[in-house]
Amino acid sequence: MNQLGFPILSLMIVLPVVAAVVCLYISANAARWTALLTTLVNFGLGCLLWATFEIGGPQWQFTERVQVLGWFHWALGIDGMALMLIMLSVFLMPICIGASWRSITDRVGLYMACFLVMLALMIGVFAAQDLILFYIFFEAGLIPMYLIIGIWGGANRIYASYKFFLYTLLGSLLMLVAMIWMIGTTNTADIPTLMQTDFPVQAQTWLWLAFFASFAVKMPMWPVHTWLPDAHVQAPTAGSVILAGVLLKMGGYGFLRFSLPMFPDASAQLMWLVFGLSMIAVVYTSLVALVQSDMKKLIAYSSVAHMAIVTAGLFAFNQQGIEGALIVMLSHGLVSGALFLCVGIIYDRLHTREIARYGGLSNNMPAFALLFLLFTMASIGLPGTSGFVGELLSLIGVYRMSSWVALICGTGIILGAGYMLWLYWRIAFGEAAGDDTRAMPDLDKREWALLAPIAAVVLWMGVYPEPFLAPMRKDVTALVARLAPAAPEGDAQLAAGSPRVPAANSPAHGGESPQ
């Protein structure tokens, strides 16, 4: 039994599933309250996890393990990285329920059930310690989001939902084949054991590519990002919040949990593939965002650019890069979720996402304009906000590996300032596009309750990020140590005349001296 004396992770997974079943058989208003109370209880359990997590203690905590069938186990446990992503999930989900309180009036019970099931599956992804259990949670998460887009989305919801489902499902088929091979070769599906297994270098490349096919789509990385703008534009507001806030982070978590520790040599060999795709994504999608006329589509393209900073940081093979990538993931989950909420708030009033239909909102919606400005600045990476901390650490880590990659990825900050400030100016300043825009009321109490907590955490993370970094630091250090024997020299090291010499007989080289 874990340190709390009861299976808290299983409870956090089972509770939303039970509540989802209840929501299917009760009235719409009762379903809303059931979903809200359940997600608040899960948030409370998440806070208990965070409060009792032993910083500097064992890597895997709150572990549970029950044999189900042969080598398949119900195995759960978290490290600091998983803890922070679970906290992001349970923090955003009550906000998503609140954002849907008035806007969703059709099949409310099914809608709330979809979100509750999605919460359970997201927690399962980050807590799973069995390979097959992870795959089940990872893929099952497609189903509720597919339904949310397909049933409650916009005019082109069917096209967007099919595109979302097919892209992400097809990308994961190769990962399933690789998992089956790994289990057959090692006779275990235990993820912590596989993280320390030294696969043959030749096999690592194929395994890495198979996992990459899934995680690259999930992030999403260029050029397999095209499903994301369609999904965001068609999804209801809460669907966009949870899609950008948490679901995109599953790809980054997959790189951290599988690609880097299990296949370190392949990660080093293919690092420039990741860097190349990341650099293209930062520049290309930022330029595309500049010309968007739909607010949701602009923010969706900005998400691709921000997640490219994440992939570059993850493959920098050093502490700053990986820690920065994790903070960018957390920050992006909060900030992009808040930006989609802001879009949803004014969409509910004017029923259009076209930027040209707004203008001058700082006059009649000053509170909205203030919070929207905060999240805009956090997206740009203004010092004092969460975006600055993550992007600074990431780019420092990338610079240590390649100054040219850091320079090109750094242009994303400049381009991001361009499209986000251009968006803000057209919405908040200037003249209102019409009388209906001038008549839009400011935030009500419910909308304040949705945005204020996110604003508080964005500022907290920007001013004092240590509570978010501390639980993850030991795990990142262990990952960097695992990668060290295979890590390539960065151009900064070569310029200093002190190239890194890999250790002979290192585990990552399968016991052979490096060539």
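The values are calculated or read from the model by the stated rules, or taken from the named source; none is laboratory data. Owing to the predicted nature of the structure, the values given are computational and were not obtained by experimental measurement. Reconstructed Cβ throughout: ideal geometry from the backbone, glycine too, with neighbour counts over all protein chains shown. Each accessible area value is taken on the protein alone, full model and side chains, heavy atoms only, with ligands, DNA and RNA left out. Shrake-Rupley method; radii C 1.70, N 1.55, O 1.52, S 1.80 Å.
Could you tell me which residue of region 343-372 is nearest to Leu326 (Cα to Cα), considering only residues that are in contact (Cβ under 8 Å) with a residue 24 or more places away in the chain, open to solvent by 60 Å² or more (accessible area, probe 1.4 Å) and part of a helix (DSSP H, G or I)?
Only one residue fits best here, namely Tyr347.
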Worksheet item: For region 422-481, what are the residues that are assigned to a helix (DSSP H, G or I), within 30 Å of Leu393 (Cα to Cα) and of a type in the set (Phe, Trp, Tyr)?
Response: Trp422, Tyr424, Trp425, Trp460, Phe468
Worksheet item: Looking at (1) under 26 Å from Met87 (Cβ atoms); (2) buried (at least 21 other Cβ atoms within 10 Å of the Cβ), which is the only condition Lys445 fails?
Response: (2)
Discussion item. Out of everything in region 67-82 that is at pLDDT 85 or above and outside any helix (DSSP H, G or I), what residue ends up being farthest from the chain's Cα centre (by Cα)?
Written reply: Trp74
Worksheet item: Of all residues in region 7-27 being part of a helix (DSSP H, G or I) and open to solvent by 40 Å² or more (accessible area, probe 1.4 Å), which is nearest to Leu76 (Cα to Cα)?
Response: Leu11
Item to complete: Could you run through region 454-478 and say how many residues are of a type outside the set (A, V, I, L, M) and open to solvent by 50 Å² or more (accessible area, probe 1.4 Å)?
Response: 6
Practice prompt. Scan region 36-54 and give yes if some residue there is modelled with pLDDT under 90, open to solvent by 60 Å² or more (accessible area, probe 1.4 Å) and within 22 Å of Val125 (Cα to Cα), otherwise no.
Written response: yes
Discussion item. Kindly evaluate Ile151 against the criterion of being without any contact (Cβ under 8 Å) to a residue 12 or more places away in the chain and open to solvent by 10 Å² or more (accessible area, probe 1.4 Å).
Written reply: no
